Amino acid sequence: MANRIGKDDLRNTKEFYPIRLGFYGALSEGDLKRHIDNDTLVYKHWHLQSLNLQMVTRQGFIFSNSNGSIRYSLTLKIEANTLYIACDCDRRVERLCHHACNALKHLISIKGESVFSGKLA
Ligand SMILES: [Zn+2]
């Protein structure tokens, strides 16, 4: 039983990843960068074409995150000044997958850094 960080310690993207928000729910692009896996930052691209709110459920706000024929569901939930994010791409990551990361960056760019201070819809 080795006590080191291995593949099994990675998170599945379907599980919620928490990002602690700043004052009044603020999240800047700079803050966001601290939640990106190193290899995601270096070589993965996700040319986001559209991000549309599909449903509001008890689980959270469900967005359709698509690029051409590829589509993932992004679930966002805000609780106690923390943003929880899950993506159904079903990968193992340390922090955010590139789909979730680019979607958040997109929301910040169109709605501003206080986008997560409210209800998102
Ligand atoms: Zn993903």
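The values are calculated or read from the model by the stated rules, or taken from the named source; none is laboratory data. None of the values given here were measured: they were computed from a predicted structure. Every residue, glycine among them, receives a Cβ derived from its backbone with ideal geometry; neighbour counts consider all protein chains shown.
Evaluate the following for His35: is it within 15 Å of the ligand (Cβ to nearest atom), touching a strand residue (DSSP E or B) at 6+ places or on another chain (Cβ under 8 Å) and at pLDDT 90 or above?
yes
Just so you know, in the stretch 110-121 the residues that are in contact with a Phe, Trp or Tyr (Cβ under 8 Å, 6 or more places away or on another chain) and assigned to a loop (DSSP other than H, G, I, E, B) include one that is farthest from Ile62 (Cα to Cα), and it is Ser114. In the stretch 72-101, the residue that is surrounded by the fewest Cβ atoms within 10 Å (Cβ to Cβ) out of those that are modelled with pLDDT under 90 and touching a Leu at 6+ places or on another chain (Cβ under 7 Å) is Arg92. For the stretch 71-121, the tally of residues that are free of Cβ contacts under 8 Å to residues at least 40 places away in the same chain, closer than 18 Å to Asn12 by Cα and among the charged types (D, E, K, R) stands at 1. Within the stretch 66-109, the set of residues being in a strand (DSSP E or B), of a type outside the set (A, V, I, L, M, F, W, C) and near the ligand (Cβ under 8 Å from one of its atoms) comprises just one member, Tyr72.
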